[in-house]
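Written below as structure tokens is the structure these notes are about.
The values are calculated or read from the model by the stated rules, or taken from the named source; none is laboratory data. Computed from a prediction, not measured in an experiment: that's the story for all the values here. Virtual Cβ from ideal backbone geometry, glycine too; neighbours counted across all protein chains shown. The area values use the complete protein model at the heavy-atom level, side chains included, leaving out ligands, DNA and RNA. Shrake-Rupley method; radii C 1.70, N 1.55, O 1.52, S 1.80 Å.
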Amino acid sequence: QVIKCKAAVLWEANKPFSIEEVEVAPPKEHEVRIKIIATGICRSDDHVITGALVVRFPVILGHEAAGVVESVGQGVTSVKPGDKVVPLFIPQCGECKSCLNNKGNLCSKTDLGARRGLMPDGTTRFTCKGKEIYHFLGTSTFTEYTVVHESAVAKIDSAAPLEKVCLIGCGFSTGYGAALQTAKVEPGSTCAVFGLGGVGLSVVIGCKAAGASRIIAVDINSNKFAKAKELGATDCINPKDFDKPIHEVLMEMTGGGVDYSFEVIGRTDTMTSALACSQCNYGVSVIVGVPPAAQKITFDPMLLFTGRSWKGSVFGGWKSKDAVPKLVDDYMKKKFVLDPLITHTLPWTKINEGFGLLRTGE
């Protein structure tokens, strides 16, 4: 039956969230209704608020979470009520070209491109005050209960602490995988990471796990340097401390550029800087931050002609349904840490305060 619960509804852009009572419809065929236990705040959610990522309103945002299955629709076989799960904003249908190709992970069933804000059958499971509320990236985790398609949920270890492993739903996996899966950083290599938010720090963790000999962290907020060093950064530099372009500084520091660079901010100017600071012939630069809507990049094509590679990474290149349970297992085996990525834990009714902390870099 329909569940009435609280959710953070965004009625329009550039406004705070409103905590409302919503109705969450039961799951239809091949759908799963989840009780959300913990959810992270990601910059991509904030991009919707500012209009940099265009979606349909009103909407329930949130895409980095963990919870417990409350009920399942007809035909669901991979999870059952009571299972601990992580919703997947990049689903894994197992049937599309990307799912069938061992190099790909961007399932065609994701709502990342079209952003229709609806379930695969073209309808929504949320209503509030008699109005239909749109979904976000097929997950919508800023609510006590959500409904996702079976291809967009992964069952995880029943002993996993949900308030930690929720980060594997987006931020941690995205950064860690950008280093290990997309760039395939090798032992002894040099890396530069632009942006030291949760995802950037996860890239640092990934570079260190891959055995990089030098990891240069770049951020305009020097308060982030201590944590970056704790997680494996060997050098930390603030572009504001130099009177020349940051890519030139990095070129000089490394004697001709880094093997791997990562842009984890989502700005076109830093994307070009990250490309330019990589070694001219075999350097690889990875775009991890979500690019802003309606912006184009202008750059000198000679940067690529000499042999550099420019890549993008969505959800760290992981095939979500396969990888998330394994990443949770690796966390449980202490192969990596998540605690340093968690700066604040708030009751979710204080979600607007949480976004305030995100915007001030705290």
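Points worth noting:
- Filter pass, Lys335 being at pLDDT 95 or above, assigned by the TED database to the domain that holds Ile37, assigned to a loop (DSSP other than H, G, I, E, B) and among the basic types (Lys, Arg): yes
- Checked against the criterion of being in a strand (DSSP E or B), in contact with a Pro (Cβ under 7 Å, 6 or more places away or on another chain) and open to solvent by less than 20 Å² (accessible area, probe 1.4 Å), the candidates Val32, Val9 yield just one match: Val9.
- First in the stretch 237-259 and at positive phi, second anywhere and surrounded by 15 or more Cβ atoms within 10 Å (Cβ to Cβ) and of a type in the set (Asp, Glu), Cβ under 6 Å, 6 or more apart: none
- One residue stands out in the stretch 90-111 among those that are among the aliphatic types (A, V, I, L, M) and farther than 19 Å from Glu31 by Cα: the one that is surrounded by the fewest Cβ atoms within 10 Å (Cβ to Cβ), namely Leu100.
- The set of residues from the stretch 340-362 being open to solvent by 70 Å² or more (accessible area, probe 1.4 Å), modelled with pLDDT of 95 or more and not in a loop (DSSP other than H, G, I, E, B) comprises Lys350, Glu353.
- Residue in the stretch 74-88 that is small (Gly, Ala, Ser) and without any contact (Cβ under 8 Å) to a residue 40 or more places away in the chain present: yes
- Residues satisfying the stated conditions in the stretch 202-221, i.e. assigned to a helix (DSSP H, G or I) and open to solvent by 10 Å² or more (accessible area, probe 1.4 Å): Ile205, Lys208, Ala209
- Failed item, numbered, when Ala178 is tested on (1) of a type in the set (Gly, Ala, Ser); (2) surrounded by fewer than 24 Cβ atoms within 10 Å (Cβ to Cβ); (3) in a helix (DSSP H, G or I): (2)
- Any chance Thr141 is polar (S, T, N, Q), open to solvent by 10 Å² or more (accessible area, probe 1.4 Å) and either touching a helix residue (DSSP H, G or I) at 6+ places or on another chain (Cβ under 7 Å) or over 15 Å from Leu231 (Cβ atoms) (or both): no
- Flag for Val328 being part of a helix (DSSP H, G or I) and in contact (Cβ under 8 Å) with a residue 40 or more places away in the chain: yes
- Only one entry of Pro161, Pro87, Pro81, Pro120 meets the criterion of being open to solvent by less than 70 Å² (accessible area, probe 1.4 Å) and either in contact with a Gly (Cβ under 7 Å, 6 or more places away or on another chain) or under 21 Å from Val24 (Cα atoms) (or both), and that entry is Pro87.
- Residue among Val76, Val22 that alone is in the same structural domain as Lys326 (by the TED database) and open to solvent by less than 10 Å² (accessible area, probe 1.4 Å): Val22
- Some residue of the stretch 223-236 being open to solvent by 20 Å² or more (accessible area, probe 1.4 Å), farther than 24 Å from Thr174 by Cα and in a helix (DSSP H, G or I): no
- Residue satisfying condition, being under 21 Å from Leu346 (Cα atoms), aliphatic (A, V, I, L, M) and open to solvent by less than 50 Å² (accessible area, probe 1.4 Å), within set Ala65, Ala154, Ala52: Ala65
- Tallying residues that are touching a Ser or Thr at 6+ places or on another chain (Cβ under 8 Å) and of a type outside the set (S, T, N, Q) within the stretch 73-97 yields 12.
- Every residue from the stretch 262-296 that is within 19 Å of the chain's Cα centre (by Cα) and on the phi > 0 side of the Ramachandran plot: Gly266
- In the stretch 281-292, of all residues being open to solvent by 30 Å² or more (accessible area, probe 1.4 Å) and touching a helix residue (DSSP H, G or I) at 6+ places or on another chain (Cβ under 8 Å), the one that is modelled with the highest pLDDT corresponds to Ile287.
- The test for being in the same structural domain as Val85 (by the TED database) and closer than 27 Å to Ile90 by Cα holds for Leu162.
- Residues in the stretch 306-321 include none that are free of Cβ contacts under 8 Å to residues at least 24 places away in the same chain and either surrounded by fewer than 18 Cβ atoms within 10 Å (Cβ to Cβ) or under 16 Å from the mean Cα position of the chain (by Cα) (or both).
- Residue match in the stretch 182-198 (condition: assigned to a helix (DSSP H, G or I) and surrounded by fewer than 20 Cβ atoms within 10 Å (Cβ to Cβ)): no
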